[in-house]
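Presented below is the structure to which this report refers.
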Amino acid sequence: MDFVDILVTWLVTASSLLILTKLPLGIEIDNPGIAYISAAVFGIINSLITFFVLTVPNFFTFGIYGFFAKVFTLGLFSFLINAIALTLARRFVTGFRLEKGIISAVFVAIALSLVSSLITSFVVGQPAAIA
């Protein structure tokens, strides 16, 4: 993943967070600047969680752990990681709030994946994989 991909992902995530504030999902962001900071913090936390929860165990189990984590949870494991990352990100960013805590984080994580995929498909011109 090069710098342009990271930049596009960051901008798409920030835009998606701004769009989600207009829906009754329990997410509040004070201004667009906070959305950009929240998207960056969310991305960093999400990467760290994914590394320690999926990548490291996958390495030691030769990919079996990741396969079973995705298959047995029907892909909801990724949404759980995103919900945890959103919950942690709200602790670090002032002006980024989840009204009902982890419940809001789960719904926002699902909606964030859908909205980000739609925006990415329009920006990049190809369908994006839902994380």
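Just so you know, all these numbers are worked out from the coordinates, no wet-lab data involved. Given the structure is predicted, the values throughout are model-derived calculations rather than measurements. All Cβ positions, glycine included, derive from the backbone under ideal geometry; neighbour counts span all protein chains shown.
Quick look at the values:
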{"read-out": "Ranked by how many other beta carbons lie within 10 Å on average, peptides 102-108, 5-11, 28-34 from highest", "value": "102-108, 28-34, 5-11"}
{"read-out": "Alpha-carbon Debye profile of the chain, log10 I(q)/I(0) at 0.18, 0.22 Å⁻¹", "value": "-1.01, -1.37"}
{"read-out": "Inter-probe distance in nm under a simple model that places probes 7 Å from Cα toward Cβ, at ARG91 and VAL8", "value": "3.4 nm"}
{"read-out": "In the range 64-119, trypsin sites (Lys or Arg not before Pro) in a DSSP loop with at most 14 other beta-carbon atoms within 10 Å", "value": "LYS100"}
{"read-out": "Gaussian network model of the chain, springs between alpha carbon atoms under 10 Å - residue of LEU112, LEU17, LEU98 with greatest fluctuation", "value": "LEU98"}
{"read-out": "Magnitude of the charge dipole, the chain, Cβ model with Lys/Arg +1 and Asp/Glu -1, debye to 20", "value": "280 debye"}
{"read-out": "Chain lengthening between THR61 and LEU74 when straightened (0.36 nm per residue, less Cα-Cα)", "value": "2.7 nm"}
{"read-out": "Of LEU114, ALA14, LEU98, farthest towards positive along the dipole that unit charges on Lys, Arg, Asp, Glu beta carbons give the chain", "value": "LEU98"}
{"read-out": "Computed over the range 1-56, Cα set: Rg, Dmax in Å", "value": "12.7, 37"}
{"read-out": "Å³ per residue enclosed by the Cα convex hull of the range 62-131", "value": "122 Å³"}
{"read-out": "Gap separating the Cα centres of the range 90-115 and the range 19-42, nearest whole Å", "value": "8 Å"}
